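So the structure is just underneath, and the comments pick up after that.
The values are calculated or read from the model by the stated rules, or taken from the named source; none is laboratory data. Fair warning: this is a prediction, and the values are worked out from it, not measured in the lab. Reconstructed Cβ throughout: ideal geometry from the backbone, glycine too, with neighbour counts over all protein chains shown. All accessible areas refer to the heavy atoms of the entire protein, side chains included, with ligands and DNA or RNA removed. Shrake-Rupley method; radii C 1.70, N 1.55, O 1.52, S 1.80 Å.
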Amino acid sequence: MFDLKKILRPHILTLTPYASARDEYEGTEGIFLDANENPLGSITPEAYNRYPDPYQWALKKKLAAIRKVDVKQIFLGNGSDEAIDLLIRATCSPQSDEVILLPPTYGMYEVSASINDVRMVKVPLTPDFQIDLPNVLKAINAKSKLIFLCSPNNPTANLLKAEDIVIILQHFPGLVVVDEAYIDFAPDHTFVNKLNEFPNLVVMQTFSKAWGLAGLRLGMAFASEEIIRILNKLKSPYNINTLTQELVERSIATVEAKDQMVAQILQDKQLLKKELLQLPIVQHIYPSDANFLLVKVTDARAMYQHLIDDKIIVRDRSKVILCENCLRITVGTAAENHKLIQRMRTFKAPTEAL
Ligand SMILES: *Cc1c(COP(=O)(O)O)cnc(C)c1O
C-alpha cells in the first residue's frame, strides 16, 4: 500500500510552514493592518497594494469545474517548473534518494534534480520513444522516490502508452509524475481522471502551451489532497501574483477560445508535416500528439544555422540521446510555417555547396 509518509523526507513531515498574514485571517472584508501593505493604493492606475490569495481559491474553483477534480486536489505554481522542484525537494534527500528519468525528455527534471543534488537514474525510452518497461522496473529500488513520465513527451512529441503508465503506477513505490504540458492537444489521454484510483499519481499541466499564457507563468499539479497539502506547505507563500490569478480566473471561462486555437494549430500541423515531407532533406517526421514536430533531417546543425541566418529559430535537438539529426519545430502561424518551408527549400548541404 502506498504510504506518503514513507516517501517524504523526514523533516518535511514535521515542518511548520510559514503562516502568512492572510493565513491567519481569511475574510475579505475588514480593516487590514496585518501585512504592512500600503493603505493608500499603488503607483499603478490599478490597485495591487494587497497581497494575493496564497491558495488562489477563486481560480482553483473554476479550474476544478473544468478539470472535474476537487479544489483540494489542485496546486498552482509559478510555472510547472515550481511543482517539479517542490516534488523533488519534498521527497528526495540529497546524495541519497533517486529520481528516475526517461530520456530523451524535458530538461527541467534533470536540472531541478541536479540543483537539489539528487541522484538520477536514467532509463532511455525505446527507439520508438516508448517506456522501456522491463528496465524501468529493474531500476526501481528502496531509494526510488520519483519518476517523471512526460506524455505527450518533449522533445519526441508522442504520447506514452497508457497501459505502461498504469503498470508503473501499480509498481512504483514513490510518486509517479505524469507531465501533461501538451495534453490539450490530445485531451482524451489525460490521467487527471485517475487520481482517485492511484494515490501515488501527480499530474502536471500548464497554461504555457495551448492556453497561450507562457508569459504569465502558471502551472498546475493535480494529486491527492494529501500530496497537495505538502506542496502548499513547501511553496513560497504568495507564489502566484494577483494579476495572473485575476486574469486567468476571468479568461478560463472561455475554454472555447483555447479549444479553437488548439484545433487551428492541429490543422496547421498536418499541413506543415505534409510540406516538410516533400523536402528531400527531411528523412523522417516522428508521430506527434503535441503542437510541435520532431523532424529528422540530413544535417540538423547545418539546417539549424541556415534557418537562423534567416531569423527562423527552431530547436536543435541533435545532441540529445535517440534524437540524432533532429530538429524540434513548433507549429507557427500559417504564414510562419510557409516561410519556414520556403527557407528550408533553399538549403544546400555543405558538401553539395562545394
Ligand atoms: C513547456 C513545458 C512545461 C511548461 O513549463 P512551465 O514552467 O509551466 O512554462 C512543462 N513540461 C514540459 C514537458 C514542457 O514542455
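Using the alpha-carbon centroid of each, what span in Å lies between region 155-201 and region 39-111?
With region 155-201 and region 39-111 each reduced to a Cα centre, they are spaced 18 Å.
Taking 41 Å as R0, compute the FRET efficiency from the Cβ-Cβ separation of residue 14 and residue 246 and round it to 0.05.
0.70
Based on the mean of other beta carbon atoms within 10 Å per residue, what is the order of 191-200, 16-25, 285-294, most packed first?
Values: 191-200: 17.0, 16-25: 12.0, 285-294: 21.7.
The peptides rank, most packed first, as 285-294, 191-200, 16-25.
If the viscosity is 1.002 mPa s and the temperature 20 °C, what translational diffusion coefficient in µm²/s does Stokes-Einstein give for the chain when Rh comes from Kirkwood over Cα pairs?
Reported coefficient: 97 µm²/s.
First select every other residue whose beta carbon is under 13 angstrom from the beta carbon of residue 79; then total the charges, Lys and Arg +1, Asp and Glu -1.
Charge balance near residue 79 sits at -1.
If I take R0 = 22 Å and measure r between the Cβ atoms of residue 271 and residue 298 in this structure, what FRET efficiency does the formula 1/(1 + (r/R0)^6) give, to the nearest 0.05?
0.45
At 222 nm, what helix-only mean residue ellipticity would the chain give, in deg cm²/dmol to the nearest 500, using -39500 (n - 2.57) for each DSSP H run of four or more?
Computed ellipticity for the chain at 222 nm equals -10500 deg cm²/dmol.
Taking 8 Å as the Cα distance limit and 6 or more residues as the minimum spacing, I'd like the relative contact order of the chain as a percentage. If you can, show how the numbers build up before the last one.
Numbers: 582 pairs, mean separation 59.7, N = 354.
The normalised contact order for the chain reaches 17 percent.
A 21 angstrom limit on the alpha carbon distance is what I want to check against. Which of 62/258; 6/61; 6/143; 274/296; 5/233 exceed it? Numbers along the way, then the final one.
Working: 62/258 15 Å; 6/61 31 Å; 6/143 11 Å; 274/296 14 Å; 5/233 14 Å.
6/61, as the Cα separations exceed 21 Å there.
What does the extension gain come out to for residue 132 and residue 35, with contour length at 0.36 nm per residue minus their alpha carbon separation?
Length difference between fully extended and current span is 29.7 nm.
What size of dipole, in debye to the nearest 20, comes out for the chain about its Cα centre when the only charges are +1 on Lys and Arg C-beta atoms and -1 on Asp and Glu C-beta atoms?
The dipole magnitude comes to about 660 debye.
So how much slack lies between residue 65 and residue 44, counting 0.36 nm per residue of separation and subtracting their Cα-Cα distance, in nm? All intermediate terms of the calculation are to be shown ahead of the outcome.
Numbers: separation 21, 0.36 × 21 = 7.56 nm, distance 3.31 nm.
Contour length minus Cα-Cα distance gives 4.2 nm.
Under 5 Å between amide H atoms, partner at least 5 residues away or on a different chain: which partners does residue 121 have, H built in plane at 1.01 Å?
Amide H to amide H, under 5 Å and 5 or more residues apart or across chains, residue 121 pairs with 99, 100, 101.
Report Rg/Rh for region 130-171, rounded to two decimals, where Rg is the Cα radius of gyration and Rh the Kirkwood radius.
Over the Cα atoms of region 130-171, Rg/Rh equals 0.97.
What whole-number distance in Å separates the alpha-carbon centres of region 10-38 and region 288-317?
Between the Cα centre of region 10-38 and that of region 288-317, the gap is 48 Å.
Which of the listed residues, 16, 263, 283, is farthest toward the dipole's positive end in the chain, when Lys, Arg count +1 and Asp, Glu count -1 at the beta-carbon?
Going by the charge dipole, the pick is 283.
Residue by residue through region 43-60, what is 3J(HN,Hα) from phi via Karplus (6.51 cos²θ - 1.76 cosθ + 1.60, θ = phi - 60°)? Round to whole Hz and write x for glycine and proline.
The phi angles translate into 6, 8, x, 8, 8, 10, 6, 9, 4, x, 5, x, 10, 6, 4, 4, 5, 4 Hz.
Students often forget the sequence filter, so: which aspartates and glutamates lie under 12 Å Cα-Cα from residue 348 once same-chain residues fewer than 8 apart are removed?
Within the straight-line limit of under 12 Å, residue 348 reaches these aspartates and glutamates: 299.
How much net charge surrounds residue 146 when only the other residues with a Cβ under 9 Å from the Cβ of residue 146 are counted, with Lys and Arg +1 and Asp and Glu -1? Provide the component values of the computation, followed by the final result.
Details: positive: 145; negative: 97, 98.
Here the charged neighbours net out to -1.
Which ³J(HN,Hα) values, rounded to whole Hz and listed in residue order, are derived for region 325-341 from phi using the Karplus coefficients 6.51, -1.76 and 1.60 in 6.51 cos²θ - 1.76 cosθ + 1.60 with θ = phi - 60°, glycine and proline given as x?
Whole-Hz 3J(HN,Hα) from phi for region 325-341: 6, 9, 10, 9, 10, 6, 5, x, 6, 4, 5, 5, 4, 4, 4, 4, 4.
When the accessible area of region 4-253 is split by element with a 1.4 Å probe, what percent falls to carbon and sulfur?
Carbon with sulfur: 54 percent of the solvent-accessible area.
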